[in-house]
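Data block below; observations after.
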Amino acid sequence: MSAQRPAELPRFPLAQWIYEHRHLPHDLGQSGMHGELRSLAGLLRDAPPATPEELRALFARQQRVPVERMFLTHGATEANTLVLLHLARTGRPRGPRRARFEWPEYPPLRDAAKLVGLRPVSAGTPAEIAILSNPSNPEGRLRSAEEVRRFAAGAEHLLVDETFREFTDAAPLRERPGPRLWRTGSLTKAYGADELRVGFVVAPTGEEERFQSTHWLIDGVPAASASAAVALLSHQSTVLAETRRLFQRNLAALRDAEPDAPQLAAPLWFDRVGGPQGGDRLAHRAARHGVLVCPGSFFGDPSGVRVSLTRSDFPESLAAYLGVRQGSPSPMRPGAARRRRTG
């Protein structure tokens, strides 16, 4: 048991916001595909036995790296935190290392950097470590290799969370001259397999042995999760085809309702509504009307909100959100207010 009081334990405010509002009838806040994929149930139920080492080898083949550079974790947040802990521990002895971000950005990346003792700084500021999500969370935009290179210029290490990459057919980022590239991912987004608790780190060439001294903190992926993950990845094309169909259908609904919305590579839309706190005010107003979107302040940009395009009822939820944004919200379903108070 921990001797820390609950208030002293690390917390990720974005996750807490979603959790506190999980019973709202119109849910545009959850970014995972959990419960949405018909192809998933049979694969997970009838998975033949497989070992974590077999899963590691399969991940390595699909990520196009030697197996020695592949490290299993229980999810992407754990993977990111382990990498950042490793980089904080192996830094220069005087003063905290700086971690460069470009806003808006996925807040657990920044929160984890602060948790391990790194000092977050903005893009353009000299830093030893550069950190980003690609495709971007919350903007859903796929950065080109050249954009990533410019962002990371001058850094020693580059950490890229590619959790949403498989909503596209883009290849993983490749190592190039410059910062040492660390990549992370999981099965909780494009695969919707939250219950598996499986993620990974791809370490840079030459960092494998040093990173092992941090990775030993992981107690290992359970055999049941490894078996299900191997079955899932062995049917990757079937699962991702269903995922991408749903995403493209929802993207078409967004484009019909909002013709000026950007073309997205991931099911995330950062709706900039304007004003220094406009997004946060809209998120709280939407919650009062039974619609969940994520306040932009969590991502470092309070002028907007994050809207997710992953649910099969997205067109209905989008209409409810736009009604709130335009000042004419649709009535909440009966009992929604009570569920929100007790949720």
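Dipole orientation for the chain: of the candidates Leu264, Ala283, Ala113, Ala283 has the Cα lying most toward the positive pole (charges on Cβ; Lys, Arg +1; Asp, Glu -1).
Size estimate for region 46-95 follows the Kirkwood approach: the inverse of mean 1/r over distinct Cα pairs works out to 13.0 Å.
Here the dipole of the chain is about 780 debye; that uses its Cα centre as origin and unit charges on the Cβ of Lys and Arg (positive) and Asp and Glu (negative). Rounded to whole numbers, the Karplus 3J(HN,Hα) couplings from phi for region 189-200 are 9, 5, 8, x, 9, 4, 5, 6, 6, 10, x, 7 Hz, using 6.51 cos²θ - 1.76 cosθ + 1.60 with θ = phi - 60°, and x at Gly and Pro. I need the Debye-formula profile for the chain: one equal scatterer per C-alpha, no solvent, reported as log10 I(q)/I(0) at q = 0.15, 0.16 1/Å, two decimals. Log10 of I(q)/I(0), two decimals: -1.37, -1.50. Projecting the Cα atoms of Ala153, Phe211, His235 onto the charge dipole of the chain, computed from C-beta unit charges around the Cα centre, puts Ala153 farthest toward the positive end. Specify the angular offset, from 0 to 90 degrees and rounded to the nearest 10, of the alpha carbon long axis of helix 76-89 from the longest principal axis of the alpha carbons in the chain. Long axis of 76-89 versus the principal axis of the chain: about 50 degrees.
Would you mind getting the Kirkwood hydrodynamic radius of region 188-334 from its Cα pairs, rounded to one decimal in Å?
18.2 Å
Peptide packing for 136-147, 185-196 was compared via the average number of neighbouring C-beta atoms within 10 Å per residue; ordered from the highest value, the list is 185-196, 136-147.
Across region 208-220, computed HN-Hα scalar couplings (Karplus, 6.51 cos²θ - 1.76 cosθ + 1.60, θ = phi - 60°) run 4, 5, 5, 5, 4, 5, 9, 5, 4, 4, 6, 8, x Hz from first to last residue, x flagging Gly and Pro.
For region 106-111, 3J(HN,Hα) computed residue by residue from phi via the Karplus equation (6.51, -1.76, 1.60; θ = phi - 60°) reads 4, x, x, 5, 5, 4 Hz, glycine and proline entered as x.
A short reminder: the numbers here are calculations on the coordinates, not readings from a lab. If you're wondering where the values come from, they're calculated on a predicted model, not measured in any experiment. Note that each Cβ is placed from the backbone with ideal geometry, even for glycine, and that neighbours are counted across all protein chains shown.
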